[in-house]
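Chemist: Before I ask anything, let me first share the structure, which is written out below as structure tokens.
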Amino acid sequence: VAAATAGAGFDRDAVVEFLGAGSVFGRRSLFSGVAKIPHGAIVGLRGADVAEARWSRFASLAPIGEIREDPVGRLADALVDALETVLKDGRGAVIDVTGGYDSRAILAAALRTGRPFSTVVNGADDDADVIAANRIARAFGLRHRHQRVGAELPPRSFAATRDALALTDGEFDALEYATVAAIHDRTAEDGVPSVNGSSGELCRGYWWDVLAAPSATDRFDARRLASARFAWDPFADAHLAPELLRRGSLVDRCTAMVEALVAEEGLEDATDAAKADAVYLLARMQRWGGRLASATARLRPPVVPFQFARPMAAALGAPVAARRGGRMAPRLVERLDRRLAAMPMAGGGPALPLRLSTAHRFLPRAAALGARALRRAARRVGVGGGNAAVSPVADAWTWPETADLLRPEAMATRDFYADGALARFFAASRRPGFSAPRAFGRALTLELTARALRDLAAT
């Protein structure tokens, strides 16, 4: 609406970022001259005057290594305190439960409060996350809901995808968010908040695997981090018009974004681990998670306890050795609830730390990891592609509106792409084993956004 009112078109740099990496970074939006409010900011408007003040920066959180005494206990207590804050009014909450560490830590903290809540898992009966979540719910006698697409949740549709666009302002894959919106719409009936384990990776040094030395202060490789975590998808460089890429490849752009973020937060002299954490939190989660959460907030309040101040400070303040290799997560779940930690995760093994006394419990997980590695190797040599029958792209092509919307010669966004690129891409998307569903969803979203902007401007 702001772009249509101002008569603004697309910001071409933002288009490259969105189509290539799925986010629009910094203060830019998809639209020229329309900027976002920065993180941790208070903005006041008085006529044409804008006053802006920052109340929080990443560097104000506990620096890595500050918490030497019992960092796991500090984080456990902080999470329990966060869940107490969410649940203390007695209305309850709906907690997402999966087969991973992060949602299990949130559930364990909620159990520690003794407050009422319910749980939910979404997916097919044979989904590993669903199996693990349902097993937990039975064992703990939880008020639990298992939502299946096509049964409890409506099947994908063009109308749902178009409606999702209105919630995301075009900056989140509408094909993907339509399912998320349906989930939250279905669980919003009682008006209580939904709680999830997003950003639990903070206690796992999630992006440290691409660093040369997490504790160093002079070996940070912004390009390596950008290539591994933002610019790994070849779609933009392979399909966009040359004039859109004159300012550099997607890797070049994302490298500049990482360097600018580190400088803006005053982290030039910080450790490599702190820089990677800041980029993860502010470029990845504030843009991806924040955009999704902003949309979901229009349906029900989404709560992310790992992003509360105390849990963030406790996770980020732990020593490098406590977080490296993901070792803090199982210790956290064990500290909160050992019985819950002993139950199988999606991979088959428990959420316990690996010790001599627990090693036998990890055999199913080792077998699952081996099978996954074999499937990955098979895909690399062209054996066993993706399952197009369950792909959102396959669903989208069954909608009559899609064929009309995605005719390359008639698309409102056709000038963003190289000659012939869209025709080849859409032809590939119709074939079994199509491997770029997210790129397809972004191209569809951008076209829907262009048409919505045109319609708004006309009114």
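The values are calculated or read from the model by the stated rules, or taken from the named source; none is laboratory data. Worth saying up front: this structure is predicted, and the values here are computed from it rather than measured. All Cβ positions, glycine included, derive from the backbone under ideal geometry; neighbour counts span all protein chains shown. When the accessible area is computed, the model is the full protein with side chains, heavy atoms only, and any ligands, DNA or RNA have been set aside. Shrake-Rupley method; radii C 1.70, N 1.55, O 1.52, S 1.80 Å.
Chemist: With an 8 Å Cα cut-off and a minimum separation of 6 or more residues, compute the relative contact order for the chain in percent.
Modeler: Numbers: 701 pairs, mean separation 104.9, N = 459.
Taking the mean separation of contacting Cα pairs over the length of the chain, I get 23 percent.
Chemist: Counting pairs of alpha carbon atoms under 8 Å apart in space and at least six apart in sequence, what relative contact order in percent does segment 85-182 give?
Modeler: 21 percent
Chemist: If you take the Cα Rg of segment 1-153 and divide it by 2.2 N^0.38 Å, with N the number of residues, what do you get?
Modeler: Ratio of Cα Rg to 2.2 N^0.38 Å: 1.46.
Chemist: While we're here: If you restrict to DSSP beta bridges whose two residues both lie in the chain, what percentage is antiparallel, to the nearest 5?
Modeler: Working: 10 of 22 bridges.
Within the chain, antiparallel bridges account for around 45 percent of the total.
Chemist: Order W55, W288, most accessible first, counting only protein heavy atoms with a 1.4 angstrom probe.
Modeler: Result, largest first: W55, W288.
Chemist: In degrees between 0 and 90, to the nearest 10, how far off the longest principal axis of the chain does helix 250-264 point, with axes built from Cα atoms?
Modeler: Here the helix axis deviates by roughly 60 degrees.
Chemist: So, one more: Enumerate the calculated ³J(HN,Hα) couplings along segment 265-270 in order (Karplus 6.51 cos²θ - 1.76 cosθ + 1.60, θ = phi - 60°), each rounded to whole Hz, writing x wherever the residue is Gly or Pro.
Modeler: Rounded to whole hertz, the list is 7, x, 10, 4, 9, 6.
Chemist: Pull out the extension gain between W232 and A2, defined as 0.36 nm times the separation in residues minus the alpha carbon to alpha carbon distance; nm, one decimal. Intermediate values should be presented prior to the final figure.
Modeler: Numbers: separation 230, 0.36 × 230 = 82.80 nm, distance 3.17 nm.
Full-extension gain reported as 79.6 nm.
Chemist: Return the equivalent ellipsoid semi-axes of segment 257-334 as a descending list in whole Å, where each equals the square root of 5 times an eigenvalue of the C-alpha gyration tensor.
Modeler: Values: eigenvalues 109, 83, 18 Å².
Over the Cα atoms of segment 257-334, the ellipsoid semi-axes are 23, 20, 9 Å.
Chemist: I'd like to know how the chain sits against the 2.2 N^0.38 Å rule of thumb: what's its Cα Rg over that expected value?
Modeler: 1.00
Chemist: Roughly how much of R284 is accessible, in Å² to the nearest 10, using a 1.4 Å probe?
Modeler: 80 Å²
Chemist: In degrees between 0 and 90, to the nearest 10, how far off the longest principal axis of the chain does helix 128-140 point, with axes built from Cα atoms?
Modeler: 40 degrees
Chemist: Using label points projected 7 Å from each Cα along Cα→Cβ, tell me how many nm separate S118 and R186, to one decimal.
Modeler: About 1.3 nm separates the two model spin labels.
Chemist: So if I take the centroid of the Cα atoms in segment 304-324 and the same for segment 51-75, what is the distance between those two points in Å?
Modeler: 8 Å
Chemist: May I pose another question? Just to compare against my own numbers: the Cα pair-distance distribution for segment 55-112, 5 Å bins, whole % per bin, please.
Modeler: 4, 15, 20, 18, 19, 15, 8, 1
Chemist: Compute the separation of the alpha-carbon centres of segment 133-147 and segment 422-459 and state it in Å as a whole number.
Modeler: A separation of 38 Å, based on Cα centres.
Chemist: Pull up the DSSP beta bridges for segment 1-145 and report the antiparallel fraction as a percent, rounded to 5.
Modeler: Counting only bridges with both partners in segment 1-145, antiparallel ones make up about 60 percent.
Chemist: Okay, next question. Using the alpha-carbon atoms, what tilt in degrees (0 to 90, nearest 10) does helix 101-113 show relative to the longest principal axis of the chain?
Modeler: Helix 101-113 sits roughly 50 degrees off the main axis of the chain.
Chemist: With a 1.4 Å probe and all protein chains kept in place, how do V180, V195 rank by accessible area, largest first?
Modeler: Per-residue accessible area, sorted high to low, gives V180, V195.
Chemist: Based on the Cβ-Cβ distance of R438 and D415, what FRET efficiency does E = 1/(1 + (r/R0)^6) give at R0 = 22 Å, to the nearest 0.05?
Modeler: On the way: r = 22 Å, r/R0 = 1.01.
Using R0 = 22 Å, I get an efficiency of 0.50.
Chemist: Still on this structure, I have one more. Return the Cα extents of segment 94-146 along principal axes one, two and three, sorted largest first, each rounded to a whole Å.
Modeler: Taking the Cα atoms of segment 94-146, the three principal extents are 31, 20, 18 Å.
Chemist: Can you give me the solvent accessible area of K36 with a 1.4 Å probe, rounded to the nearest 10 Å²?
Modeler: Roll a 1.4 Å probe over it and K36 shows about 40 Å².
Chemist: When Lys and Arg each count +1 and Asp and Glu each count -1, what net charge do the other residues less than 15 Å away from V149, Cβ to Cβ, add up to?
Modeler: On the way: positive: R145, R148, R156, R186; negative: D125, D126, D127, D129, E152, E176, D185, D395.
Net of charged neighbours comes to -4.
Chemist: Same structure, new question: Add -39500 (n - 2.57) for each DSSP H run of 4 or more in the chain, then divide by its residues: what number comes out at 222 nm, to the nearest 500 deg cm²/dmol?
Modeler: Numbers: 21 runs with 210 residues, N = 459.
Estimated from H runs of four or more residues: -13500 deg cm²/dmol.
Chemist: By the scheme Lys and Arg +1, Asp and Glu -1, what is the net charge of all other residues having a beta-carbon under 15 Å from that of G44?
Modeler: Local charge sum for G44: 0.
Chemist: I want to check the label-to-label distance for S157 and D209. Put each point 7 Å from Cα in the C-beta direction and report it in nm to one decimal.
Modeler: Between S157 and D209, the simple spin-label model gives 4.0 nm.
Chemist: If you don't mind, there's one more thing I want to ask. Using 0.36 nm times the number of residues separating D404 and R431, minus their current alpha carbon distance, what extension gain do you get?
Modeler: On the way: separation 27, 0.36 × 27 = 9.72 nm, distance 1.85 nm.
Full extension from D404 to R431 adds 7.9 nm.
Chemist: Still on this structure, I have one more. Hey, if you drop one equal point scatterer on each alpha-carbon of segment 205-335 and run the Debye formula without solvent, what base-10 log of I(q)/I(0) do you get at q = 0.11, 0.17, 0.22 Å⁻¹?
Modeler: Each listed q corresponds, in turn, to -0.48, -1.02, -1.33.
Chemist: Taking the Cα atoms of segment 165-280, report the difference between the largest and smallest coordinate on each principal axis, in whole Å and largest first.
Modeler: 52, 40, 23
Chemist: Around A137, what is the net charge, scoring Lys/Arg as +1 and Asp/Glu as -1 over all other residues with Cβ under 13 Å from its Cβ?
Modeler: Local charge sum for A137: +3.
Chemist: What nm value, rounded to one decimal, do you get for the distance between R338 and T358 when each label is placed 7 Å out toward the C-beta?
Modeler: 1.1 nm
Chemist: Arrange the residues D218, D404 by how much accessible surface each exposes, largest first, with a 1.4 angstrom probe.
Modeler: D218, D404
Chemist: Please turn the phi angles of segment 34-49 into ³J(HN,Hα) values with the Karplus equation 6.51 cos²θ - 1.76 cosθ + 1.60 (θ = phi - 60°), one per residue in order, whole Hz, x for glycine and proline.
Modeler: So the J values, rounded to whole Hz, are 10, 9, 8, 6, x, 5, x, 10, 10, 10, x, 10, 9, x, 8, 8.
Chemist: While we're looking at this one, here's another question. Provide the solvent-accessible area of Y206, counting protein heavy atoms only and rolling a 1.4 Å probe, rounded to the nearest 10 Å².
Modeler: Here the accessible area works out near 110 Å².
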